Amino acid sequence: MTKDFLLSIVIPVYNEEQNIKPLLQNLLPIIKPYRHEVIFVDDGSNDKTVIIIKKEAEKSQNIKLIVFQRNFGHQMALTAGYQNASGDCVITLDADLQDPPNIIPQMIDKWQKGTKIVYAKRERRDVDSSFKRLTAQLFYKYINFLSDSPIPEEVGDYRLIDKSVVEFFNSLPEHSRFLRGLTAWGGFSADYVFFKREKRFAGETHYTVSRMLNFALEGITAFSTKPLRLAIYLGFLTSVFSIFVIVVKSIQHFILNQGDWLPGWASLFFSIVFLGGVQLITIGIIGEYVGKIYQEVQNRPKFLIKEKINL
Ligand code: UDP
Ligand code: MG
């Protein structure tokens, strides 16, 4: 197979100061046989991440850096990487060594056989908490139930894409960037390479429960606005509250034979609060889409770049 092509590696980084060096030590020997560039996209870190990458970039022209003005999120960092990559294929991977670079040659092999997208698929995920595994499973089940173009399960943002797919991403006008969904939506030929997901090398995950929940909603509606989203949560809370009250009241009345039970009170209370909750959820969902339209119409830049090095 020919080695005459340019390989771009895109790595979003957000407060990863302890991971940069170990990552490069791991990655560089593996990609050395190929002509390559490594593009770090700093997503508004407030630790030494940028300083460390700058030092590396001074040593080698192949190491490049884009610095965001502030934190714009993982998907935006990837988007900026795609826009600035000049490779014949682009591989995106996390900075925390959870995505092992040693499968890169296998990914390149599959790409050279003509596949446009090569996903790295998690074979085992036992390092992640059972909570994360369960929520991820539910997320994919749900999103695939709703969507016309199923997203492969156990696949994250570790993937190789061909230049033509990069061009497809870059040509999309929308601000909403749920890249896993967009990758699947494009319908390009895809293949898999399996790997075992490692533990995060240093630092903590940036995806807290609320961030995961938001990411999931983003994936389903593809964009959002916070206050409208709150309406959804409020709706759920009121519904749950009304159910709680009706259960407590019933126990009081039927089992403990106590309480100020007025005929018809409970059913009235229940239906009013429950329906109120359902209505709030519905308004919230409609609001999600209105918010999406609003953000697209505003047409603000997807991210602001403060600085570029070696690019
Ligand atoms: N990341 C980012 N911006 C963010 C959050 C995360 O660029 O707002 C980067 C982070 O530095 C890492 C990758 O995205 O390289 C994946 O994040 P993380 O490891 O926290 O997620 P997890 O692997 O736990 O899902
Ligand atoms: Mg990680």
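The values are calculated or read from the model by the stated rules, or taken from the named source; none is laboratory data. Fair warning: this is a prediction, and the values are worked out from it, not measured in the lab. Note that each Cβ is placed from the backbone with ideal geometry, even for glycine, and that neighbours are counted across all protein chains shown. Note: areas computed on protein heavy atoms with side chains; ligands, DNA, RNA excluded. Shrake-Rupley method; radii C 1.70, N 1.55, O 1.52, S 1.80 Å.
Annotations for the structure displayed:
- Placing Glu204, Glu123, Glu16 in order of accessible area, with the largest value first and a 1.4 Å probe, yields Glu204, Glu123, Glu16.
- Element breakdown for the chain at a 1.4 angstrom probe: carbon and sulfur atoms account for 60% of the accessible area.
- Calculated [θ] (222 nm, deg cm²/dmol) that DSSP helices of n ≥ 4 give over the chain, each run adding -39,500 (n - 2.57): -15500 deg cm²/dmol
- For the range 55-81, the residues whose amide N sits under 13 Å from a probe point set 7 Å from the Cα of Leu6 along the beta carbon direction are 62-64.
- Magnitude of the charge dipole, the chain, Cβ model with Lys/Arg +1 and Asp/Glu -1, debye to 20: 260 debye
- Overall shape of the chain was characterised from the C-alpha gyration tensor. The equivalent ellipsoid obtained from it has semi-axes of 45, 20, 19 Å, in decreasing order.
- Solvent-accessible area of Thr135 with every protein chain in place, 1.4 Å probe, in Å² to the nearest 10: 40 Å²
- Linear extension gain, Ile283 paired with Glu204, 0.36 nm per residue minus alpha-carbon span: 24.9 nm
- Residue-normalised convex hull volume from the C-alpha trace of the range 58-165: 159 Å³ per residue.
- Of all the options Gln75, Gln61, Gln298, the one that moves most in a Gaussian network model of the chain with Cα springs shorter than 10 angstrom is Gln298.
- Acute angle (nearest 10 degrees) that the helix 20-31 long axis makes with the longest principal axis of the chain, alpha-carbon atoms: 60 degrees
- Semi-axis lengths, Å, the range 1-105, gyration tensor of Cα atoms, sqrt of 5 times eigenvalues: 21, 15, 12
- The range 1-111: relative contact order as a whole-number percent, Cα under 8 Å and 6+ apart: 40 percent
- Farthest towards the positive end of the charge dipole of the range 56-196, among the residues Pro105, Pro152, Ala77, is the Cα of Pro152, using unit charges on the Cβ of Lys, Arg, Asp and Glu.
- Mean-position separation - Cα centroids, the range 89-136 and the range 228-252, in angstrom: 41 Å
- Normalised by the number of residues in the chain, the average gap of Cα pairs under 8 Å and 6 or more apart makes the relative contact order 22 percent.
- Computed with a 1.4 Å probe over protein heavy atoms only, the accessible area of Val297 comes to about 110 Å².
- Projecting the Cα atoms of Ser164, Tyr34, Val90 onto the charge dipole of the chain (Cβ charges, centred on the Cα centre) puts Tyr34 farthest toward the positive pole.
- Of the residues Asp191, Asp109, Asp128, Asp4, ranked by 1.4 Å probe accessible area with the largest first, the sequence reads Asp4, Asp109, Asp191, Asp128.
- In this structure the range 61-216 gives 45 Å² per residue of accessible area when probed at 1.4 Å with all protein chains present.
- Close amide H partners of Lys121, meaning residues 5 or more places away or on another chain with modelled amide H under 5 Å apart, are Val193, Phe194, Phe195.
- Charge dipole magnitude, Cβ of K and R +1, D and E -1 - the range 50-187, Cα centre, debye nearest 20: 120 debye
- Computed over the range 76-184, relative contact order equals 42 percent, with contacts defined as Cα pairs under 8 Å that lie 6+ residues apart.
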